[in-house]
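**Q** A single structure is presented below for examination.
The values are calculated or read from the model by the stated rules, or taken from the named source; none is laboratory data. Worth saying up front: this structure is predicted, and the values here are computed from it rather than measured. Cβ atoms come from the backbone with ideal geometry, glycine included; neighbour counts cover every protein chain shown.
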Amino acid sequence: MNESDLKALLAPLPVSWWEADGGLRVVDSGGGAFDDERTARRFLETLCADHGGPAGPAGAGPYQASFEGRTFDVNWPARDEGADRHRSRGVAVEVAGRPDHGPYASFADLTPAAAFVRDASGHYLWANHAYAHLYGTTREDVIGRHLADLDGPEDVTRFLALDRDVLTQGRPVRHTLTYRRADGTPGHAAGYRFPVRWGTDRCVAGIYVDVTDYTRVLDQRRRAEEDLQALRDHSGLPCLRLSPDGRVGEAGTAVAELLRVRLSDLVGLPADDLLAKTPERGALHRIWDDLVGGRRRSARASAVLVDGDGWQRRARVHLSTVCRTAERVSSVWAVITHLGLRQEAQPPLTATQVRILALLAAGRSNADVAGTLHLSRQAVDYHLSRLRDLLGAATRPALVARAYVLGILSPQAWPPRSDTAAHPLSPV
């Protein structure tokens, strides 16, 4: 908070602040204790006169001063001995002089936290506007009334018991409580209750923050997470919750069964350990960077999964971000769909080699393959030779058969294409 913010904060409060030069002439002043500048200056002149003239107030330490029937706590520290040694600053806080106000009550009047003071019998001696707002009324209608005028019998008994505990223990107690709101709905508040002196009587004060909306949101979130957990564990849908660094935070039993690993071993594992080193993994990494960087909220991607036995399975993965704030991604849900057949580990193939297999499966000749892919006949012959070695197939029909058995080509697609092709008319 800078100096301008502080001055703006003090403007409506019962505070007078000032800055004076070496002769204690006011250079700057403010605060809401006085309605006009002339009264504020008269107040400062009174401070100087009451403490022996210009040399008196600064450095005198905190003390109380009276002014026109009002009482202030004054703090006017000694002048700085540095660059501003010819100037001093002070502040005065009103602590009395208004009916039915205790010390610093004006501060509490303006706070958004609900505050009150009750005697031992449960009668309200003071309450601020925020407290009255909880009951849908004004503070004037609260002060002087009994707990029973505002709360139901069960709440009155409970609140009076809390008051007695505070007075007996003689120390603050932090707790949460429920109460009945003006519209009849239950409310929740969190804060402190503590003993105070109000005049000659020992009383109980409390200051609370209404957390009804926060509690409701937490309850809604808890129910949503329970529903999500039930869906994750009992729907049979393979899904994982991944942290931004790519580790498995949660996983359903269906994923553990699909990957043939124990659920306890799966949680905490880097997701990369579940992916085969194929071109799909690189594309998935780029999509992941966009998701955790906040550039995308969801995406569909292809992946080749590796299970605990080292076998592979092609799949589609739907990724959705979970955002803790508008800017920060806290996790990503990954749902596995469109599973291919479980196969032995596939040899690493290039995109060109997959295109050649798709064209072979469509019955195209070597010359057609070369023309379609803009390759030389020698390049096509080289790729076919490499494919025979990689797939362990000696002939063109055997190459096509192995491509389908290993899941490189989709058995549900025509024209032939990869099971993870991004577009229906694209081979890969």
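**Q** When you check residue 263 against the structure, is it at pLDDT 90 or above and either within 23 Å of residue 409 (Cα to Cα) or in contact with a strand residue (DSSP E or B) (Cβ under 7 Å, 6 or more places away or on another chain) (or both), yes or no? Write out each step before concluding.
**A** On the way: at pLDDT 90 or above: no; either within 23 Å of residue 409 (Cα to Cα) or in contact with a strand residue (DSSP E or B) (Cβ under 7 Å, 6 or more places away or on another chain) (or both): yes.
No.
**Q** Could you tell me which residue of segment 216-262 is nearest to residue 310 (Cα to Cα), considering only residues that are in contact with a helix residue (DSSP H, G or I) (Cβ under 8 Å, 6 or more places away or on another chain) and among the β-branched types (Val, Ile, Thr)?
**A** Across segment 216-262, the extreme among qualifying residues is 255.
**Q** Is there a residue in segment 235-242 that is among the hydroxyl-bearing types (Ser, Thr, Tyr), over 25 Å from the mean Cα position of the chain (by Cα), over 17 Å from residue 343 (Cβ atoms) and not in a loop (DSSP other than H, G, I, E, B)?
**A** Filtering segment 235-242 down to residues among the hydroxyl-bearing types (Ser, Thr, Tyr) leaves 235.
Still in the running and over 25 Å from the mean Cα position of the chain (by Cα): 235.
Applying the additional criterion that residues be over 17 Å from residue 343 (Cβ atoms) yields 235.
Restricting the remaining residues to those that are not in a loop (DSSP other than H, G, I, E, B) gives none.
Checking segment 235-242: not a single residue is among the hydroxyl-bearing types (Ser, Thr, Tyr), over 25 Å from the mean Cα position of the chain (by Cα), over 17 Å from residue 343 (Cβ atoms) and not in a loop (DSSP other than H, G, I, E, B).
**Q** Just one of the numbered conditions (1) of a type in the set (S, T, N, Q); (2) outside the structural domain of residue 255 (by TED's automatic domain parsing); (3) over 30 Å from residue 402 (Cα atoms) is not true of residue 298; which one?
**A** Among (1) of a type in the set (S, T, N, Q); (2) outside the structural domain of residue 255 (by TED's automatic domain parsing); (3) over 30 Å from residue 402 (Cα atoms), the lone unmet condition for residue 298 is (2).
**Q** All but one of (1) touching a Ser or Thr at 6+ places or on another chain (Cβ under 8 Å); (2) outside any strand (DSSP E or B); (3) of a type in the set (A, V, I, L, M); (4) closer than 17 Å to residue 333 by Cα hold for residue 319; which doesn't?
**A** All conditions pass for residue 319, except number (2).
**Q** What pairs come out if I take residues in segment 338-352 that are at negative phi and pair them with residues that are modelled with pLDDT under 70 whose C-beta lies under 8 Å away, six or more apart or interchain?
**A** Going by the 8 Å Cβ cut-off, the qualifying pairs are 340/419; 351/428.
**Q** Moving on to the next point. How many residues, within segment 282-305, are surrounded by fewer than 19 Cβ atoms within 10 Å (Cβ to Cβ) and within 20 Å of residue 341 (Cα to Cα)?
**A** Here the count works out to 1.
**Q** While we're here: Given the conditions (1) of a type outside the set (A, V, I, L, M); (2) touching a strand residue (DSSP E or B) at 6+ places or on another chain (Cβ under 7 Å); (3) part of a helix (DSSP H, G or I), report the number of the one that residue 333 does not fulfil.
**A** It fails just one condition, (3).
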